[in-house]
Structures are given as C-alpha cells and as structure tokens.
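The structure under discussion appears below in the form of structure tokens.
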Amino acid sequence: MKRPMFVSILTSILAIWSFISCDKSDDNASSIDPKFSWEESASNPNEIIFKNLSEGDYLYVEWDFGNGKTISKTTDKLQEPSVHYPVKGEYSVTLTLWGQTNQASDTKTTIQTITILNDDENYEPIEGLIWSDEFDGSSVNMNNWKFETGDGGWGNQELQNYTNGDNAHIEDGKLIITAKKVNDNQVAGSYTSTRMVTWGKQEFTCGRIEIRAKLPSGRGMWPAIWMLGSNIGDAGWPACGEIDIMEYVGFEPNQVHGSIHCPASYGATEFTKTLPLENCEEEFNNYGIIWTEESIQYYVNDPENPFYTYAPSNKNADNWPFNKPHFIILNAAVGGTWGGAQGIDNSIFPQTMEVDYVRVYEL
Ligand SMILES: [Ca+2]
C-alpha cells in the first residue's frame, strides 16, 4: 500500500521562513538577537523545557522543535515549552523572531542541536501512528487545534454560540466539550458550545483516522466528528469535500451515522449509512475511517468490519474531492435543521461529548 501523505503546513511554512531568514541578511532585523536555553525536566530526561532568552524589540516568536512539533507565530514570548522526545538522537531546534515590520525579511533565526541520550523507557509507541492528540496535557493543545467561534447557525440554523475555549477543557486525559444553556428562549445564542478544528495545523490525505469518544444525550443535541477539505476557502462547500466520520442526533438515540458530502450528492446526501450502537451515550467507542485512494470505509470499534464503504468507480472532482488534505473537526451543536428537527429538551443541559484521543495511522 502506498504510504499516506502527512501534510504539516506549519512545518513547511517554518522551513520556508527559516530558509529565507538564513539566506538574507537584513538591516531591519539587526537589532533583534534570538537566543534560547534548554534543560531536561527534573522528572523525565526525555522531557525538554525550552526558554526564550532573545533580546531586542520583536513581535513574535516561532518554534520548531525538530520532532514534528511546532509553535506557530505567537506573542507569548515568555512561555516555556515542554517537549517530549521519546527516542534518543539529535534534534535540530529552531527559534525564529519576527521583527517590528512583521515581514519575512525581518526575521532572525537561531538553531541549536539538542541531544537525547536514551529512549524513554516508559514510552510505548503505537504501531503505525502518524499523529495523535491524546488529550494528556493540562489544556487543549493549540499547536493542534483552533476554536472556531461565533453564532449564526453555521448554515444549519443551529442555536449555539461557539466560544473561544470556554466550553472545552482537559480532564483525566480526555477532552470534554460541554454544551451549556444560556437562557430558555431557544433562539440563536441560547446555548454555548465548542467547535474545534485542526485546519492549518494538522491536515491529512488518506490514512486510518480514529476518534475514541462518548456522546452527549438528549433531544436537540447534534455532536459530530468530521473532516472538511482544507481548500474550502477557495473551492467552497461541497466542492471541498466533507467526510462525516460520526454524526449523532439526540432525538434518535443509539444510532450513529457516517456520511459523505461532495458535489455529486450533498445536504440530504445519498452517500450515508446508519449503524445501531446501544451504548454510545454511556461508553467510549472508536469511530474511524480507513481512507485510501480507492475508498473511504467507515467503522466503529473494529477496523476489520466496516459498516459503510464509499467507493465511486469512476472518480472525478464531483464524487471524489478526497485526493487532497482535509482537517478534523470536533463539535457539539444544539438544535438546527437536523439536531433540532424534533425540538430541544431544555432540561438536558449541560451535556458533554468526551474524547479520549484523535489518532491518525498510516495504512
Ligand atoms: Ca486520552
């Protein structure tokens, strides 16, 4: 099987900026001086803590830790990133400063090689894993996720207002998305919730994508685990493609839905299948797709036993916009054209969707 492409836009951008900044000497950047230190964490020699010691008047810092992890342009200059290097070896760590003009020509970069002496004995690599978020930290990892905020129904007349992190937190190794009731009016803005995306941060073309989650309950809830084509800004919807790995509406309990939306069929799409799942509100289940150049297979818990396969025989832009990067979305909507089709039970709130991990494996 062909190895799936792992697309990390940030890494590419960083690489380009680094190249530019190394190649040009620019007077604008001369007054800024990038420096950083690093040391092993007291509790784990494979955990490295970095400190920015740069001098001068700069706007942003940017990190590339040499192991696939990056922190994109941020004004948070004083943060001390803690980065796990489970495998022994040498890693090239790059700190880039952005000067006052905020131009690529006004950046300066410093690179240090750090040496990890031993493998982390407690680290058990997961075979085939390309990327994951295990939600093990103390807060949502903004290297992976962005909160999409606002109301307006998101095209489906949904009633929640998506907040900038107020309705999501990490607890006991799990992401908890909480839908809350603000008032009893059952209008736009009567609820708050979370919609978080890996857009521009972690994007994938093909692979096995699996999310372990426990679903919220009650009439009016509409949680989803899904993907959109990263070119949605240019191509629009449905040309960008949409892969709904799991969708659930509270008024039809204990059945989950897997769907495809693309120009060939969208909205009330014909490319969809429903799976009965008795314990989806009480237990964690693994919702996944196996996405190859030929097909997208949907499974719950057992990758060997897909319940739906989407595989148009003659692929074209209308039925297969799935040959390019897509990003992952986790959200818990309230109401809307489908979730609210039988009204909203205001007695159910707050409701939570819990996510144990999001993993992407090579095939
Ligand atoms: Ca976890």
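The values are calculated or read from the model by the stated rules, or taken from the named source; none is laboratory data. Please read these numbers as outputs of a predicted model, since none were measured by experiment. Don't worry about glycine lacking a Cβ; one is built from the backbone with ideal geometry, like all the others, and counts go over all protein chains shown.
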Qualifying residues in region 152-173 (those that are of a type in the set (A, V, I, L, M, F, W, C) and within 12 Å of Ala188 (Cβ to Cβ)) - the one surrounded by the fewest Cβ atoms within 10 Å (Cβ to Cβ): Trp154
Contacts under 6 angstrom Cβ, first residue in region 195-217 being within 10 Å of Tyr287 (Cα to Cα) and modelled with pLDDT of 95 or more, partner surrounded by fewer than 23 Cβ atoms within 10 Å (Cβ to Cβ) and basic (Lys, Arg), 6 or more apart: Glu210/Arg359
Region 167-191 residues that are at negative phi, paired with ones that are of a type in the set (Lys, Arg) (beta carbon under 6 Å, 6 or more apart): Tyr191/Lys181
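Residues to consider are Gly218, Gly236, Gly241; find the one that is small (Gly, Ala, Ser) and closer than 11 Å to His261 by Cα. I'd like the intermediate steps shown before the answer.
Working: Gly218 fails: closer than 11 Å to His261 by Cα; Gly236 fails: closer than 11 Å to His261 by Cα.
Going through Gly218, Gly236, Gly241 in turn, just one is small (Gly, Ala, Ser) and closer than 11 Å to His261 by Cα: Gly241.
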Strands (runs of 3 or more DSSP E) completely within region 133-237 that count 2 or more residues being touching a His at 6+ places or on another chain (Cβ under 9 Å) and within 16 Å of the ligand (Cβ to nearest atom): 174-181
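Kindly check whether there is at least one residue in region 296-305 that is within 16 Å of the ligand (Cβ to nearest atom), crowded, with 21+ Cβ neighbours inside 10 Å, assigned by TED's automatic domain parsing to the domain that holds Thr352 and of a type in the set (A, V, I, L, M). If you could, list the steps in order and put the result at the bottom.
If we filter region 296-305 for residues that are within 16 Å of the ligand (Cβ to nearest atom), which is where we start, we get none.
Checked region 296-305: no residue is within 16 Å of the ligand (Cβ to nearest atom), crowded, with 21+ Cβ neighbours inside 10 Å, assigned by TED's automatic domain parsing to the domain that holds Thr352 and of a type in the set (A, V, I, L, M).
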Selection status of Met246, in contact (Cβ under 8 Å) with a residue 12 or more places away in the chain, more than 16 Å from the ligand (Cβ to nearest atom) and either of a type in the set (Phe, Trp, Tyr) or not in a loop (DSSP other than H, G, I, E, B) (or both): yes
Failed item, numbered, when Glu362 is tested on (1) away from the ligand (no atom under 16 Å from the Cβ); (2) modelled with pLDDT of 95 or more; (3) of a type outside the set (A, V, I, L, M, F, W, C): (2)
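Give the residue, chosen from Ser347, Ser313, Ser265, that is more than 16 Å from the ligand (Cβ to nearest atom) and surrounded by 15 or more Cβ atoms within 10 Å (Cβ to Cβ). Explain how you work it out, then say what you get.
Values: Ser347 fails: surrounded by 15 or more Cβ atoms within 10 Å (Cβ to Cβ); Ser313 fails: surrounded by 15 or more Cβ atoms within 10 Å (Cβ to Cβ).
The unique qualifying residue is Ser265.
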